[in-house]
Amino acid sequence: MMLNSDTVLTEEAVDRLVEFMESHPEAGAAGGQLLNRDGSRQNSFDSFPTLLTELTNKSLLKILFPQRYLHKTMEFEKPVEVDQVISACVIMRREVIAQVGLLDERFFLFFEETDWALRIREAGWRIFHVPSARIYHLQGQSAKQKLALARIEFFRSRYQYFGKHFGKNRYRLLYFGLTIKLAVNLFINLIGMAATMGISRSIGRKVYVYSHLLWWHLMGCPKHTGLNPCHQVRDDIFKVQNDRGRGLSE
């Protein structure tokens with residue numbers, strides 16, 4: 001079982017996940033129902049990202065095609081098969097880990113569980129959401145403190161996921177499509193800021209984030225920008241290696 005440090009298990013949550021896995025040998029992994037601090041339902045599962053979901057309005061897709069794009073407002077009394085579960089709490093067979101491997105460490109903060117779930121599904125296993133296993137998840141507190149940088153890491157991981165699984169053509173389409181989408185969103189929110197004379201904090205926050213994201217795209221997605229300090233360390237190491245013309249010693 002993988003469990004985030006910002007989770008609180010309710011009574012019998014683990015037992016119910018274990019019982020489900022023991023009674024469903026086709027299940028490679030399962031996750032429970034994540035809850036906000038006030039007990040309201042939180043996103044506990046998701047569909048795999050595609051060009052359609054990333055370049056259009058995913059919330060609208062969930063409304064128009066609820067059976068294809070499940071969403072958190074749906075209440076399930078019994079376990080349901082999903083593309084992926086949110087990895088704040090996920091239980092997995094040791095056989096699955098031996099077959100597909102662990103999380104890909106090249107992903108930082110985002111999309112690591114999406115990549116993992118896709119590999120599990122491609123290996124022939126099924127993934128389930130178990131609503132009776134309830135877990136409180138105080139999500140994203142560290143990311144919220146540096147929202148613009150966190151969103152940059154999200155975009156970086158999203159591009160990495162598409163490049164890994166779908167190749168350069170879809171990667172390029174996603175990059176250009178999202179750059180245009182960011183520019184449009186920034187323009188709309190700038191109009192909103194002007195109309196409200198800068199009073200709305202939510203609009204101001206969106207302008208701040210969209211402007212940073214658009215700048216990051218126009219600069220070619222520099223690796224040293226983001227939350228992961230390893231990006232800068234790695235760039236510094238490569239620079240020293242190139243300058244010296246040899247590898248670094250232990």
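The values are calculated or read from the model by the stated rules, or taken from the named source; none is laboratory data. All of these numbers come straight from a predicted model, not from anything done at the bench. In this analysis, Cβ positions are derived from the backbone assuming ideal geometry, glycine residues included, and neighbour counts consider all displayed protein chains.
Looking at this structure, is S87 touching a helix residue (DSSP H, G or I) at 6+ places or on another chain (Cβ under 9 Å), closer than 26 Å to L174 by Cα, of a type in the set (G, A, S) and surrounded by 11 or more Cβ atoms within 10 Å (Cβ to Cβ)? Spelling it out, S87 is indeed touching a helix residue (DSSP H, G or I) at 6+ places or on another chain (Cβ under 9 Å), closer than 26 Å to L174 by Cα, of a type in the set (G, A, S) and surrounded by 11 or more Cβ atoms within 10 Å (Cβ to Cβ). Can you spot a residue in the stretch 132-149 that is at pLDDT below 95, within 26 Å of L52 (Cα to Cα) and buried (at least 21 other Cβ atoms within 10 Å of the Cβ)? No, the stretch 132-149 contains no residue that is at pLDDT below 95, within 26 Å of L52 (Cα to Cα) and buried (at least 21 other Cβ atoms within 10 Å of the Cβ). Of all residues in the stretch 72-116, those being of a type outside the set (F, W, Y) and closer than 17 Å to Q139 by Cβ number 12. Pairs linking a residue in the stretch 1-18 that is under 21 Å from R41 (Cβ atoms) and touching a residue at least 40 places away in the same chain (Cβ under 8 Å) to a residue that is basic (K, R) and surrounded by 15 or more Cβ atoms within 10 Å (Cβ to Cβ), with Cβ atoms under 6 Å and 6 or more positions apart or on different chains, are T10/R134; A13/R134.
Considering only the stretch 173-192, I want to know if a residue exists there that is modelled with pLDDT under 90 and surrounded by fewer than 16 Cβ atoms within 10 Å (Cβ to Cβ).
No, the conditions are met nowhere in the stretch 173-192.
Restricted to the stretch 1-59, and to residues there that are among the acidic types (D, E) and over 17 Å from R126 (Cβ atoms), the residue that is surrounded by the fewest Cβ atoms within 10 Å (Cβ to Cβ) is D38.
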